[in-house]
Amino acid sequence: MKHDVEVQKLAQALFVINKHAKTAPEPKQLYQLKKQAIEKLLKEKKAVKKGLHFSDHPKLSNQHSTVLIKVGDYCFHIPPAKEDLKQLKHLGALNQSYRNPPVKMSLSQAKRLICKYVNWKQEKTSSKPARKQHSSYYVPSSLGKMDWPPARSKKR
């Protein structure tokens with residue numbers, strides 16, 4: 001029973017991460033998390049490859065397929081490996097009437113759960129704010145300076 005609850009929670013977290021990745025300006029990290037979690041779930045036999053679907057978003061006007069993965073009550077798509085194209089049955093077009101069940105989980109909670117599951121180590125970013133790079137044409141404004149016009153230097 002506990003195993004099913006854990007898989008269901010992971011599936012919900014994956015759903016939230018996937019939903020946010022689709023609209024994120026920088027989705028790379030979210031998709032990497034999704035990929036690693038699904039790979040681990042497949043290895044542990046907690047997820048199943050159901051077959052291939054035609055993608056709704058053709059690449060460069062060429063139709064391609066994605067692998068349908070079932071985790072708990074949720075379904076996800078991932079890019080296929082060469083073996084998948086040879087071994088899995090093609091299910092045709094995506095079923096537009098199917099929707100994953102709704103989830104009430106924040107993105108931060110979902111990321112925490114998946115990061116813990118895959119033992120994700122995020123690179124530490126420096127706490128110092130990045131220095132602004134100014135172009136060589138940048139001249140700082142002298143508006144509001146009390147010592148205007150600047151005094152001449154005494155070097156000669």
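The values are calculated or read from the model by the stated rules, or taken from the named source; none is laboratory data. Note that the structure is a prediction, hence the values are computed from the model and not measured. Backbone-built Cβ (ideal geometry, glycine too); neighbour counts: all protein chains shown. What goes into the accessible areas is simple: the full protein's heavy atoms, side chains included, and nothing from ligands, DNA or RNA. Shrake-Rupley method; radii C 1.70, N 1.55, O 1.52, S 1.80 Å.
Some notes on this structure:
- Amide H within-cut-off set for His64, under 5 Å, with H built and near neighbours excluded: Ser55, Lys59
- Accessible area in the full protein assembly, largest first, 1.4 Å probe, for Lys43, Lys35: Lys43, Lys35
- Extending 7 Å from the Cα toward the beta-carbon at both Asp73 and Lys116 defines two label points whose distance is 2.2 nm.
- Solvent-accessible surface (1.4 angstrom probe) belonging to Glu44, in square angstrom, nearest 10: 80
- Accessible surface of Lys46, taken over heavy atoms with a 1.4 Å probe and every protein chain present, rounds to 40 Å².
- In this structure, the pairs whose alpha-carbon distance is over 19 Å, taken from Lys50/Lys116; Lys28/Lys89; Lys34/Lys70; Lys40/Lys116; Lys50/Lys111; Lys9/Lys104, are Lys50/Lys116; Lys28/Lys89; Lys50/Lys111.
- The simple spin-label model puts a point 7 Å past each Cα toward its Cβ; for Gln96 and Asp84 those points are separated by 2.4 nm.
- Among Leu68, Leu91, the order of accessible area from largest down is Leu91, Leu68, computed with a 1.4 Å probe on protein heavy atoms.
- Ranked by solvent-accessible area (1.4 Å probe, protein heavy atoms only, all chains present), the residues Tyr74, Tyr137 order from largest to smallest as Tyr137, Tyr74.
- With DNA, RNA and ligands ignored, accessible area of Leu113 (1.4 Å probe; Å², nearest 10): 60
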